[in-house]
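Please read the structure below before turning to the comments.
Read-outs: derived from the displayed coordinates by stated rules, not from any lab. What you are looking at is a predicted structure, and each value in this text was computed from that prediction instead of being measured.
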Amino acid sequence: MAEMKQENNTHNASDTALLSSDGDMTSFRFADLNIRFKTPSRLKRYTEVKEWNDGYIVATAIYDGIGETEEYIDLLPILKNLCINADEFLKPIKYVSVSYDRPQAISNY
C-alpha cells in the first residue's frame, strides 16, 4: 500500500496518478488516460489523498453545505466497466496526488 499526502508532490509522472474534480465529474489521470466518472454536484474539490491501495483511494474532499469530509473511491468497478485491465493499468501507479493543473493532451474515457 502506497500513501501520499498532497504536500509531498515530488514523485515523477511515471508512477504518480492525478486526482481532481470539475463540477459533477471526477478525473483520475495517469499516463495518457483521463478516466472521468460522475460525483455529487456538491463536491467542490479534493484537497488531499490520504491513502492509495491498488485501485482504492481515501481522499479528503470539500463539499458545499457539508465542509471537509473523507471520500472513498473504488476504481476497480469503473475500470471494469470501461474494459480496462485493472491489474495492468494500476500496476505502475505508486502514488496518487491531488492536482488541478490541466493536462495538455490526454485521452478521455
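Across region 75-85, coupling constants 3J(HN,Hα) worked out from phi with the 6.51/-1.76/1.60 Karplus curve, θ = phi - 60°, read 6, 4, x, 5, 4, 4, 5, 8, 6, 9, 5 Hz, and Gly and Pro carry x. Rounded to whole numbers, the Karplus 3J(HN,Hα) couplings from phi for region 52-68 are 10, 9, 6, x, 10, 10, 10, 10, 9, 9, 10, 10, 4, x, 10, x, 7 Hz, using 6.51 cos²θ - 1.76 cosθ + 1.60 with θ = phi - 60°, and x at Gly and Pro.
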